[in-house]
1. How far apart, in nm, are two points set 7 Å out from the Cα along the Cα-to-Cβ line at D169 and at A33?
2. For region 252-356, give the magnitude of the charge dipole about the Cα centre (Cβ charges: +1 Lys/Arg, -1 Asp/Glu; no others), in debye to the nearest 20.
3. How do T283, T298, T208 line up, fewest other C-beta atoms within 10 Å first?
4. Of A189, A174, N162, which is farthest along the charge dipole of region 141-261 in the positive direction, counting Lys and Arg as +1 and Asp and Glu as -1 at C-beta?
5. In sequence order, what are the phi-derived ³J(HN,Hα) couplings for region 269-280 according to the Karplus relation 6.51 cos²θ - 1.76 cosθ + 1.60 with θ = phi - 60°, rounded to whole Hz, with x for glycine and proline?
6. Based on the mean of other beta carbon atoms within 10 Å per residue, what is the order of 217-229, 340-352, most packed first?
7. Of L198, L153, how do they rank once you tally other Cβ atoms within 10 Å and put the fewest first?
8. Once the other residues with Cβ under 15 Å from the Cβ of E272 are scored (Lys, Arg +1; Asp, Glu -1), what is the net sum?
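Read-outs throughout are calculated quantities, based only on the coordinates presented, and are distinct from any laboratory measurement. Bear in mind the structure is a predicted one, so any value in this text is a computation, not a measurement. Neighbour counts are summed over all protein chains in view; Cβ atoms, including those assigned to glycine, are modelled from backbone coordinates with ideal geometry.
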Amino acid sequence: MTFPAKIPQRDRAVNSLVRACIASGLSQYGKGAPGKILERAWPDDDAAAWILKASSEPPASTGDSRGTATALGRIVVAELIEAMTPYSASARLIEGAPSFTFDGAAYVSVPSFSATPTAVAYVGEGAPIPVVQLASSAPAAMTPKKASSIVVLTEELLEASNAEAYVRDVLVRALGLAVDKLMFDANAATAVRPPGLLNGVSGQTPSTQTGNEGMVQDMMKLASIVGHVGGGLCYIMSPARAVNVYLRSAYYALEAFHDMMIIPSSALPDNEIICVAQRGLVTASDGAPDITSSRDATVHMEDTSPQPISGSPGVVASPTRSLFQTRSVGIKVRFALNWALRDAAAVAWMTGITAW
């Protein structure tokens, strides 16, 4: 839940990022250098100027928690993720998961410990207190990786009086869906991307029961796998499936569901559900977002599996768009974000749900 007191801080950080994007885009049309555009349009927004400077000249941290672009960048990334939560299931998971910063390190290693019910005991006077050796599993190691998205906008839109509100909405939605598609797939980690949460996790077989009974059995089955990890039980499913669960739980007064998080994501098909123990997920980010823009490129207008414009002889990606021909600008935003599971049992999922 976002507390009202934090909303102004979040809005300031994300608005600064949006303004930096608009200034970068307008600079492609002879409106002046991005920094000069910011001075004219938003003279009091020092954060936007720092973001642009950090994009071209990554600064070294000086230890000042708010006075450097590096520290400011971490704040902007965190607030951007929070702003994505109305549109992104992955952002809602990240918001409640333990988060770390790289601070210039090549990687962040987060150990995982197995909880034990014998860790605490009542003892009598003079009696020895139990000593517990926590069993540590292989640490979750995260290296800096960049999440990226390109948003194409026309010159007329960038110059409009409501450009800031529109660009903010488009940017947040585009990044939210892009991160969802990565987080909820089954692909292994590579040198450029984190692992999908389903990587190496076998899908569970859904119940054959119909109606409410089938729903309860399926959700209990997933909860029984991740429940011992603890720390916030989250179900991710398609918007249609989420509405199904909400309506059934309200109609049958299933109060147990009300203490769990049901998160819709358009990245999932209607017949699939993922269950995640939120505290079993860890994230790491760092640095200011990178912003670049171009009006001369040709881009493949595809947000799921973009291809090279001409990947092989006689094969051309479709649909493509010439930014020069359509008087448009492409704004590319990249920011450091990685995630890992502290416990392999923190995720369970099933597909092929058709009975309810």
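1. For D169 paired with A33, the spin-label model returns 3.4 nm.
2. On the way: 7 positive and 10 negative charges, 101 e Å.
Here region 252-356 has a charge dipole of around 480 debye.
3. Working: T283 23, T298 15, T208 9.
Going from least to most buried by this count: T208, T298, T283.
4. In region 141-261, that residue is A189.
5. x, 5, 9, 10, 9, 10, 10, 10, 7, 4, 6, x
6. Values: 217-229: 17.8, 340-352: 19.6.
Ranking the peptides 217-229, 340-352 by packing returns 340-352, 217-229.
7. Numbers: L198 19, L153 22.
If I rank by nearby Cβ atoms, fewest first, I get L198, L153.
8. On the way: positive: K181, K221, R241; negative: D180, D185, D218, D270.
Once positives and negatives cancel, what remains is -1.
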